[in-house]
Amino acid sequence: MMIYFHLKNFKSHQDTRLSLASLNVFTGLNGTGKSSVFQILLLLRQSFLKNNLLQHGLDLNGDLFSVGVTEEAVYQLAQF
């Protein structure tokens, strides 16, 4: 079973689409966004566990992961 995941305007990911299987390996040069994929998954989980996800969006600072301020989480050249 494949899960499709879309990262948009998060850290180094302007518009990234991932197809995830039951086992995934992330490789690449430093600074290419490998850790950001895990960070957004942690943010989603901590927001879901606090029942904040649907009403308030991502909980950027919690027990699983802490981004800091919003500007540190948003893609540098993001256009809204």
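For the reader, a short list of remarks on this structure follows.
- Restricting the first member to the range 52-67 and to residues that are modelled with pLDDT of 90 or more and hydrophobic (A, V, I, L, M, F, W, C), and the second to residues that are surrounded by fewer than 12 Cβ atoms within 10 Å (Cβ to Cβ) and not in a loop (DSSP other than H, G, I, E, B), no beta-carbon pair is closer than 6 Å while six or more apart or on different chains.
- Where a residue in the range 16-32 is loosely packed, with under 10 Cβ neighbours inside 10 Å and its partner, wherever it lies, is outside any loop (DSSP other than H, G, I, E, B), with Cβ under 7 Å and at least six apart: 19/4; 28/34
- Within the range 33-51, the set of residues being closer than 23 Å to residue 80 by Cα, of a type outside the set (Gly, Ala, Ser) and without any contact (Cβ under 8 Å) to a residue 24 or more places away in the chain comprises 41, 44.
- Scanning the range 1-15 for residues being under 11 Å from the mean Cα position of the chain (by Cα) and surrounded by 13 or more Cβ atoms within 10 Å (Cβ to Cβ) gives a total of 7.
- Candidates in the range 33-43 are the residues that are over 15 Å from residue 6 (Cβ atoms) and not small (Gly, Ala, Ser); of these, the one that is surrounded by the most Cβ atoms within 10 Å (Cβ to Cβ) is 39.
The values are calculated or read from the model by the stated rules, or taken from the named source; none is laboratory data. The structure presented is a predicted model; accordingly, all values stated were derived computationally and were not measured. Heads up, the Cβs are rebuilt from the backbone with ideal geometry, glycines too, and the neighbour counts pull from every protein chain shown.
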